[in-house]
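J.: Quick one: structure below, then a few questions.
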C-alpha cells in the first residue's frame, strides 16, 4: 500500500516539502509553487492558519497566496513576488524581506510598498509649527502595512471611473483641472468621498484586500520615514526636492522628485492628500497612541497632509496639516492609499 503523500500535521508542508524535494533529486529544485501544485494544495484555501515558521520564500512566486492567520515567524520573503498576497492576522514576528517589498494587486491597482512597524513622535516640538501640531506625543505602529509608493495618479483614477461608473463633477473635474496633466501626475479635484469610493473599489476588485486611506498618524509616520526633522530632507526643503511654490504652475509626474528614505514619492508637495481622520484643533484629549484614526474631532472636516504645488514650504513640513470639508474638490487635492496586510 502506498504511503499517503500528506501526513497528519497542522503544517501543510512539514515532511511533504522534504519528500517532494527528494522526488526532484538530480534535477533543478522545484519552485515553491510547483511543490504546492504537486502536493495538491490550494494557494488560497490551504494556507490560512498554517504553521509556516522559518520557511525560505526567497525569489519565489507567491502571487495570490492567502497566509491569513498563519504563523510566519522568521520566514524570509526577500525578492519574492507577493502581489495579491494576504497577511491578515498573520504572525509576522521576525519576518525578513517584507519591509520594502513592492507589489500591485491587479493591473490597474496602485503600486504599493510595505513599510515597517515602529515608533515616532507625532507633531512638532516646542517652538515649531502651529497649535494644531501640539503637544508632540509618541505613537507606536505595531505592524507593517502597505502604502502607495506615490499618490493615486490620473491614469489609475481613470481606470477606476471607467470600471466602476463613479460619477464626478463635470465642471472643474479631474479630467480638466485647469493645467496640463499626464497619466503619471497625481489625480486632483478628488474629494474625500471620491477617495473612499476608490478604496472600496480596490478592495472589491482585489478580492477583498483591505484597502483604505491612511490615518493621519500613519501619514506622518510615512512622511518622516525615520527622521525627526521638519522635513524628511532635513530642516529645509529645496525646489529640486519637491514641487511647491507655484514653480511648476501645476502638478508634475509623481516620479520627478527623489523619494524619501522609505521609497515614497511626493510625501512633500505636489498635492494635498486626504487622511481618514476628522479634524482636531490640537493633540490634547488623549489622541490615539497606536496609529489609528482619531474617532473624535470635528466630523464636518477631514485632515489633509503634505502641501501642494501651490503652497509655501512651511505647509510641506512633516507635521503640517489643514482642514477641508469632505465634499470639497480642488486642483491641489488628491489622495494616497494604504492596505492592511
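J.: Starting from a Cα-only point model with no solvent, please compute log10 I(q)/I(0) by Debye for the stretch 144-339 at q = 0.16 1/Å.
T.: Evaluating at q = 0.16 Å⁻¹ gives log10 I(q)/I(0) of -1.00.
J.: May I ask what percent, to the nearest 5, of DSSP beta bridges between residues of the chain are antiparallel? Could you put the intermediate results ahead of the total?
T.: Values: 26 of 35 bridges.
Rounded to the nearest five, the antiparallel share is 75 percent.
J.: Between residue 196 and residue 184, what is the label-to-label distance in nm when each label sits 7 Å out along the Cα-to-Cβ direction?
T.: 3.4
J.: Spin-label point model (7 Å from Cα, Cβ direction): what's the residue 176 to residue 63 distance in nm?
T.: The answer from the label model is 3.9 nm.
J.: Order these by the 10 Å Cβ neighbour count, fewest first: 173, 206.
T.: Ascending Cβ contact count within 10 Å gives the list 173, 206.
J.: Taking the number of other C-beta atoms within 10 Å as the exposure measure, put 139, 48, 152 in order starting with the fewest.
T.: Starting with the residue having the fewest Cβ neighbours, the order is 48, 139, 152.
J.: Let me ask another. Sort 255, 264, 41 so that the residue with the fewest other Cβ atoms within 10 Å of its own Cβ comes first and the one with the most comes last.
T.: On the way: 255 13, 264 21, 41 17.
Ascending number of Cβ neighbours within 10 Å: 255, 41, 264.
J.: Label-point separation (nm) for residue 106 and residue 164, each offset 7 Å from Cα along Cα-to-Cβ?
T.: Going by the 7 Å Cα→Cβ label model, 1.2 nm.
J.: Output the relative contact order of the chain, whole-number percent, from Cα pairs under 8 angstrom with separation of 6+ residues.
T.: So the answer I get is 16 percent.
J.: Starting from the exponent 0.38 and prefactor 2.2 Å, build the expected Rg for the stretch 115-244 from its residue count and divide its actual Cα Rg by it.
T.: 1.25
J.: Please give the length that would be gained between residue 38 and residue 73 if that part of the chain were fully extended, namely 0.36 nm times their separation in residues minus their C-alpha to C-alpha distance (nm, one decimal).
T.: Additional length available on full extension: 10.1 nm.
The numbers here are math on the coordinates, done by the rules we state, and not lab data. These numbers come from a predicted model, not from an experiment. Heads up, the Cβs are rebuilt from the backbone with ideal geometry, glycines too, and the neighbour counts pull from every protein chain shown.
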